[in-house]
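Down below is the structure, laid out as structure tokens.
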Amino acid sequence: MSAAEGYRVAVVGATGQVGGVMLRLLRERAFPVREVVPFASERSAGRTIDYGDADLTIAPLTDETIQGFDLALFSAGSGVSGEWAPRFADAGATVVDNSSRWRMEEDVPLVVAEVNPEALDGHRGIVANPNCTTMQTVVALKPILDAAGIERLVMSSYQAVSGTGQKAVDELHSQAEAVIEARELPEPRVYPHQIAFNVLPQVETFKDGDDYTTEERKMMAETRKILGASDLAVSATCARVPVYTGHSESVNVQTREPLSPEECRELLSGAPGVIVLDNPADGIYPLAIDAAGRDEVFVGRIRRDPSHERCLNLWVVGDNLRKGAATNAVQLAELLVQRNLLRSVTV
Ligand SMILES: NC(=O)c1ccc[n+]([C@@H]2O[C@H](COP(=O)([O-])OP(=O)(O)OC[C@H]3O[C@@H](n4cnc5c(N)ncnc54)[C@H](OP(=O)(O)O)[C@@H]3O)[C@@H](O)[C@H]2O)c1
């Protein structure tokens, strides 16, 4: 199949937040499709979903329905990816998976379009899209790594509720309404505590007695894998904040070679996928509400850490549903086409 004829594309998790953006981006970026088939759970099968001029019927995942795809974009959680991504790959598709299920497997490339596109070469049918928080950080860090090396990172995230899925967005909304109307709050269902007008120093879960959360572990491990820096010292703290969309992060970077804030600003100004917004005296710095709906990663508050001569502090903001998930997935699909890597060797 060639780009001119268009590809047959499956979007798994098409009724979800990320899946919805994926469908929109396939159209917006004019990805060469011959046919798009949306997949979701049994609950949604048979319903229709808007795809520009057409309504598409949602398919269930079965051995029959997954046949004959060139590309499958997955965004339906780790369980679904664990079971169905290898089946799509076995049936001949190349899978771009948005869940955490395959990211740390040795033979699965973990790829950010602006950072390590060469990692796609030699994939075995499944390619992983990184965690949203990691994604935006490495886009900002790669130019610094190339110019001055990185010895150590200390990252703190302020993550939006849409990162947890539609149910979390609804939970913030209903709690906020109840607080404003001075009504009794509904019991939290998605988060362990009230999220409206609160900050939770817990993103995902504490597993097996670990005092870091699974999100923090992902951020540390995935950053090392994408940057190809297994010896990178990295520490992460992830917090959930009552923001609908757009993750913000404070990143402390210790470089190997000296790098001034001015040099860093100049480097990042020319970097692909990055927009520098850094005039704090005039109130100009990245904001989650401005980043929402955008594909770029925004960086500001670039300044010297007064406690260390080779450390800089940055404020990094990105749309978790777009660059943090759907945009990168579609960019990877585009790179797979450009590099003639669709439907290569299957797992
Ligand atoms: N949200 C983010 O910022 C973000 C960022 C990076 C990565 N991710 C990852 O992307 C995935 C989806 O996130 P989301 O925020 O879009 O979640 P979401 O809004 O809750 O959507 C989940 C999607 O998965 C489908 N699904 C659930 N169970 C299924 C099953 N058994 N078989 C087939 N489809 C099933 C749902 O279909 P129904 O409508 O039929 O239930 C829905 O389409 C997760 O793996 C998440 O970790 C999310």
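The values are calculated or read from the model by the stated rules, or taken from the named source; none is laboratory data. Everything numeric here is computed off the predicted structure, so don't read it as measured data. With ideal geometry, Cβ positions are generated from the backbone for all residues, glycine too; neighbour counts draw on all protein chains shown. Heavy atoms of the whole protein, side chains included, go into the accessibility calculation; ligands, DNA and RNA do not. Shrake-Rupley method; radii C 1.70, N 1.55, O 1.52, S 1.80 Å.
Does ASP90 satisfy being modelled with pLDDT of 95 or more, acidic (Asp, Glu) and under 22 Å from the mean Cα position of the chain (by Cα)? Judged against the criteria, ASP90 is not a match.
Go through the range 24-34 and give me each residue that's closer than 24 Å to GLY92 by Cα, open to solvent by 30 Å² or more (accessible area, probe 1.4 Å) and not in a loop (DSSP other than H, G, I, E, B). If the condition is that a residue be closer than 24 Å to GLY92 by Cα, open to solvent by 30 Å² or more (accessible area, probe 1.4 Å) and not in a loop (DSSP other than H, G, I, E, B), then ARG27, VAL33, ARG34 are the ones that fit.
Summed over the range 132-149, residues that are under 15 Å from VAL299 (Cβ atoms) and away from the ligand (no atom under 13 Å from the Cβ) total 10. Considered as a group, the residues in the range 83-131 that are more than 19 Å from ARG343 (Cα to Cα) and β-branched (Val, Ile, Thr) include one that is farthest from the ligand (Cβ to nearest atom), and that residue is VAL115. Can you tell me which residue in the range 277-304 is nearest to GLY324 (Cα to Cα), limited to those that are assigned to a strand (DSSP E or B) and open to solvent by 20 Å² or more (accessible area, probe 1.4 Å)? The qualifying residue nearest to GLY324 (Cα to Cα) is ARG301. Reported count of residues in the range 172-194, each being assigned to a helix (DSSP H, G or I) and open to solvent by 50 Å² or more (accessible area, probe 1.4 Å), is 4. When the range 48-82 is filtered for residues that are among the hydroxyl-bearing types (Ser, Thr, Tyr), away from the ligand (no atom under 11 Å from the Cβ) and open to solvent by less than 40 Å² (accessible area, probe 1.4 Å), only TYR51 remains.
Among residues of the range 195-216 being more than 23 Å from the chain's Cα centre (by Cα) and within 15 Å of VAL169 (Cα to Cα), the one that is surrounded by the most Cβ atoms within 10 Å (Cβ to Cβ) is ALA196. Looking only at residues in the range 1-41 that are away from the ligand (no atom under 16 Å from the Cβ) and of a type in the set (A, V, I, L, M), the one that is modelled with the lowest pLDDT is MET1. Given the condition assigned to a helix (DSSP H, G or I), open to solvent by 30 Å² or more (accessible area, probe 1.4 Å) and among the small types (Gly, Ala, Ser), answer yes or no: does some residue in the range 8-23 qualify? Within the range 8-23 (the criterion being assigned to a helix (DSSP H, G or I), open to solvent by 30 Å² or more (accessible area, probe 1.4 Å) and among the small types (Gly, Ala, Ser)), the answer is no, since none of the residues qualifies. A search for C-beta distances below 7 Å between a residue of the range 257-269 that is among the charged types (D, E, K, R) and any residue that is open to solvent by 30 Å² or more (accessible area, probe 1.4 Å), counting only pairs 6+ apart in sequence or on different chains, returns ARG265/VAL276; ARG265/ASP278.
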